[in-house]
Amino acid sequence: MSLLTQSLWVLLLGSLLGLELIGKVPPTLHTPLMSGANAISGITVLASLTLIQQAGDNTALLVIGALSLGFALYNVIGGFLVTDRMLAMFRRKGDAR
């Protein structure tokens, strides 16, 4: 089995697992669980960086690694922004950040 085939299997299985996990979360709990999703996305960032580092001259793996890194970073940054906005709802108007 080639490295590209193995990487595609990992991507497919990771996507299905993520879809299954997110699908089980009720909408009312989605925002409070964003920090947990950030931790999972942090693992995805590390996996993406590892894939990019191990890809060598394989352009397909570099593209897959770059895309997964971009999506994971987008999710991490968005998660922090949503969490910050949620926590701002509990601050008093005069309180400093």
Helix-only mean residue ellipticity at 222 nm, the chain, DSSP H runs n ≥ 4 weighted -39,500 (n - 2.57), per residue, nearest 500. What is it?
-27000 deg cm²/dmol
Tilt, helix 3-23 to longest principal axis of the chain (alpha-carbon atoms), in degrees rounded to tens, equals 20 degrees
Working from Cα positions, state the angle (0 to 90°, nearest 10) between the long axis of helix 34-55 and the longest principal axis of the chain.
20 degrees
Shape category assigned to the chain from the gyration tensor of Cα positions, a/c cut at 1.5
oblate
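As an exercise, take the mean of 1/r over every pair of distinct alpha carbons in region 47-89, invert it, and state the Kirkwood radius in angstroms.
Working: mean 1/r = 0.0868 Å⁻¹.
The answer is 11.5 Å.
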Let me cross-check Val10: its accessible surface, 1.4 Å probe, with only protein heavy atoms counted, in Å² to the nearest 10?
100 Å²
Report the FRET efficiency, 1/(1 + (r/R0)^6), for Ser2 and Leu62, where r is their Cβ-Cβ distance and R0 is 22 Å, rounded to 0.05.
0.90
On a 1.4 Å probe surface of the protein chains, which of Ile40, Ile52 comes out largest in accessible area, and what is the full order?
Ile40, Ile52
So what is the relative contact order for the chain, in percent, with contacts set as C-alpha pairs under 8 Å and at least six apart?
32 percent
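The values are calculated or read from the model by the stated rules, or taken from the named source; none is laboratory data. Everything numeric in this text was worked out from a predicted model, so none of it was measured. Counting neighbours? That spans all protein chains shown, and the Cβs are built from the backbone with ideal geometry, glycine included. Just the protein is used for accessible areas: all its heavy atoms, side chains included, with ligands, DNA and RNA removed. Shrake-Rupley method; radii C 1.70, N 1.55, O 1.52, S 1.80 Å.
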